[in-house]
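What follows is calculated from the coordinates using simple rules that are stated; it is not laboratory data. What you see is a predicted model, and the numbers here were worked out from it, not measured in a lab. Cβ placement follows ideal geometry from the backbone for every residue including glycine, while neighbour counts extend to all protein chains displayed.
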Amino acid sequence: MTVIENHPWLIPPWERLAAAARQRRFPHALLISGQSGLGKAAFADELARFLLCETPVKGAAACRRCTGCNLFAAGNHPDFYTVSPEKDGSAIKVDQVRRLSEDLAMSSHGGGFKVAILDPADSMNINAANSLLKTLEEPTDNTVLVLVSANPGRLPATVRSRCQQVRIPVPEQNMAVAWLKQQVDTDQLDVYLSLANQAPLRALQLAQGNALEERARRFQALVGIYQGRQDPIAVAASWSKDEDLTGLRWLREWLMDLLRIRLTGDSRGIHGIDLAEGLQALALQMDCRVMFGQLDSVNRALQMAGSGINRQLMTEDILLAWPARTS
Ligand SMILES: [Zn+2]
């Protein structure tokens with residue numbers, strides 16, 4: 001089974017690209033988009049392996065036996081390039097893109113394609129994106145640029161318009177549940193899928209990390225701050241250890257749920273179905289204006305998260321402004 005066969009929702013976009021490769025009309029630039037947790041990176045990786053394979057199986061999959069496949073598996077293929085932020089959460093810089101353009105301007109070592117993956121492409125700063133634009137406008141022969149992004153709207157339109165769009169679809173619920181059942185043993189698959197916006201790999205990650213317990217603990221901390229039982233600074237210290245700002249992302253969802261409950265009067269349609277009761281109870285006690293203010297702060301914080309900002313101070317600011325019961 002290939003990576004693609006193992007993730008059945010990846011098969012349709014894969015087949016379209018494999019057909020283009022067989023007909024020798026493969027685009028020189030692709031933009032692979034889709035929400036996080038669908039396997040975009042694995043898809044891009046497998047695509048690079050396939051394009052660099054010397055003897056693809058039925059023209060549709062990498063053989064995993066040829067010199068190209070062996071070099072790729074060893075991480076040594078001379079015609080394969082990846083560009084990512086040097087530090088997690090920082091930007092792809094113009095120097096990195098310039099270096100890539102120079103490499104791609106040389107002829108290929110193996111005589112076939114040269115493939116470059118930029119992931120996440122939307123982390124390119126504006127100078128980097130402008131530099132890439134030149135490469136996109138004057139592509140060299142047999143070069144394939146693969147841009148990967150969960151937020152393609154953040155890329156300049158000039159870059160987007162020069163790439164063929166490949167959207168990784170969110171699978172149907174049945175397919176996602178069937179797939180998850182093979183991976184993890186839990187009776188809460190529906191809840192995990194809902195928390196993951198139906199993205200199976202994200203749901204799997206949440207299930208494996210016992211996210212329901214962790215979410216309940218985090219939510220109780222917020223209730224604790226509200227009731228004056230917990231110190232916001234201590235809570236911020238533990239939340240700021242999250243690598244991907246999980247605490248703040250959950251807080252954003254909870255604020256949207258709290259507002260939804262306040263504005264519609266009930267908890268139908270909320271995202272945090274695992275915490276419906278607690279959200280309902282808290283919503284009734286909180287002030288809408290304060291919640292909107294908090295939502296603004298959290299959104300701003302999440303937007304700035306990649307810019308080297310001090311996470312602990314940022315999280316403290318938000319949690320210190322979290323309301324406390326006055327009576
Ligand atoms: Zn091969």
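Each of the peptides 110-117, 5-12 was scored by the mean count of other Cβ atoms within 10 Å over its residues; in descending order, highest first, they stand as 110-117, 5-12. Take the Cβ atoms of residue 273 and residue 19, set R0 to 51 Å, and the FRET efficiency comes out at 0.80. Each part reduced to its alpha carbon centroid, segment 51-69 and segment 90-164 end up 24 Å apart. Going down the table (40/134; 93/241; 58/87; 87/134; 134/241; 93/114), which pairs top 31 Å between alpha carbons? Where the Cα-Cα span goes over 31 Å, the pairs concerned are 58/87; 134/241. Estimated from helices alone, the mean residue ellipticity of the chain at 222 nm is -15500 deg cm²/dmol (sum of -39500 (n - 2.57) over DSSP H runs with n ≥ 4, per residue). Here the simple spin-label model places points 7 Å from the Cα toward Cβ, and for residue 213 and residue 60 these points are separated by 4.3 nm. Here each label is just a point 7 Å from Cα along the line to Cβ, and for residue 11 and residue 243 those points are 3.1 nm apart.
The charge dipole of segment 76-144, taken about the Cα centre with unit charges on the Cβ atoms of Lys, Arg (+1) and Asp, Glu (-1), comes to about 120 debye, rounded to the nearest 20. What FRET efficiency comes out for residue 74 versus residue 1 if R0 is 25 angstrom and r is the Cβ-Cβ distance? Round to the nearest 0.05. Rounded to the nearest 0.05, the efficiency is 0.70.
Please say if segment 159-244 is rounded, prolate or oblate, where rounded means a/c under 1.5 for a ≥ b ≥ c the square roots of the C-alpha gyration tensor eigenvalues, and otherwise the choice is prolate for a/b larger than b/c and oblate otherwise? If you can, show how the numbers build up before the last one.
On the way: a/c = 3.17, a/b = 1.57, b/c = 2.02.
Oblate, since a/c reaches 1.5 and b/c is not below a/b.
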